[in-house]
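Take a look at the structure set out below.
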Amino acid sequence: MTGGLLWGLTGLALLDSVNAATIWIVIVILLGAKRPAPTGWAFMLGAAVSFLAFALMFYFGLSFADSMLDDFTLWLRRLLFAGLAVALTVMGVRRLRPRERKGFALPPWVNAWSALPFGVLATIGDLPNAFPMVLAVERLIAADVSAPLAVLVLVGYTFVYALPSALILAAGLAFNEELRDQLESMLSGHTGTVGPSPKTAAACFAGAAASLAVLVLWVG
């Protein structure tokens, strides 16, 4: 485990931690749950534990595949960056057109008891956005990190992943009245029709180009 690898994994974890789905669900719980504290912490527990479980499944599954197939991690890296380039391109095209934001609402069945499985379901639904985590696993395998150390690193990765949502939840519970108007304003800003965003589209296209450059110059 080199310092460069550790910093790279930390960067991926920080990128993964800016998880819009989990953060928005935490805000909705703060605003709409009858018992926001137990509901919110149960949700975070379900989300974090399931995220770690999937990370470990990816690690051991991909480790086995790498032991059976030559150059498996290389092809996986190529697939990841090619997929990221395609996803960013599609996202950029969508940002050039008006789109409808449906907003966020807490399902009526979510309470302090059902929030933990709800966190698991939310994590499963967000797996298509798990590019940073899959890349982190690939980096661990390519660096030939021992399994016990890799598991420890993925536990730390999960902690960083969950930290922003947990901090928002803690702040919302501690300063509910002071932050309530701000949280409601954030949610209301994500509903209705949103016009084209050329700047966001340009950023997406730039990211797609960067992914292709990495694919050709570093991965390929």
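For W75, W7, W109, give the ranking by accessible area with the largest first, probe 1.4 Å.
Largest accessible area first, the list is W7, W75, W109.
For the chain, build the charge dipole from Cβ charges (+1 Lys, Arg; -1 Asp, Glu) around the Cα centre, then report which of T200, W113, L52 sits farthest towards its positive end.
Farthest towards the positive pole: T200.
So for the pair A206, M68, with labels modelled 7 Å out along Cα→Cβ, what separation do we get in nm?
Between A206 and M68, the simple spin-label model gives 4.3 nm.
Given charges of +1 on the Cβ of Lys and Arg and -1 on the Cβ of Asp and Glu, with all other atoms neutral, how large is the dipole of the chain about its Cα centre, in debye to the nearest 20? Don't skip to the end; give the middle numbers.
Details: 13 positive and 12 negative charges, 137 e Å.
Using Cβ point charges on Lys, Arg, Asp and Glu, the chain gives about 660 debye.
Note down the magnitude of the dipole of segment 1-89 about its Cα centre, charges +1 on Lys and Arg C-beta and -1 on Asp and Glu C-beta and zero elsewhere, to the nearest 20 debye.
440 debye
At 7 Å along Cα-to-Cβ for each site, give me the label-to-label distance between A174 and M57 in nm.
Distance between label points: 3.5 nm.
Using only DSSP helix segments of four residues or longer, with each worth -39500 (n - 2.57), what per-residue ellipticity at 222 nm results for the chain after dividing by its residue count and rounding to 500?
Numbers: 9 runs with 166 residues, N = 220.
Calculated mean residue ellipticity at 222 nm is -25500 deg cm²/dmol.
Could you compute the net charge surrounding L80? Neighbours are other residues with a C-beta less than 13 Å from the C-beta of L80; K and R count +1, D and E count -1. Present the calculation step by step, with values, prior to reporting the outcome.
Working: positive: R77, R78, R139; negative: E138.
With Lys, Arg at +1 and Asp, Glu at -1, the net is +2.
Taking the Cα centre of segment 113-213 as origin, sum charge times position over the Cβ atoms of Lys and Arg (+1) and Asp and Glu (-1), and report the length of that vector in debye to the nearest 20. Mind dumping the intermediate values first?
Working: 3 positive and 7 negative charges, 50 e Å.
Using Cβ point charges on Lys, Arg, Asp and Glu, segment 113-213 gives about 240 debye.
The values are calculated or read from the model by the stated rules, or taken from the named source; none is laboratory data. It should be emphasised that the depicted structure is a prediction, and the values quoted were computed from it without experimental measurement. Positions of Cβ are generated from backbone atoms using ideal geometry, with glycine treated the same way; all protein chains shown enter the neighbour counts. SASA here: full protein model, heavy atoms, side chains in, ligands and nucleic acids out. Shrake-Rupley method; radii C 1.70, N 1.55, O 1.52, S 1.80 Å.
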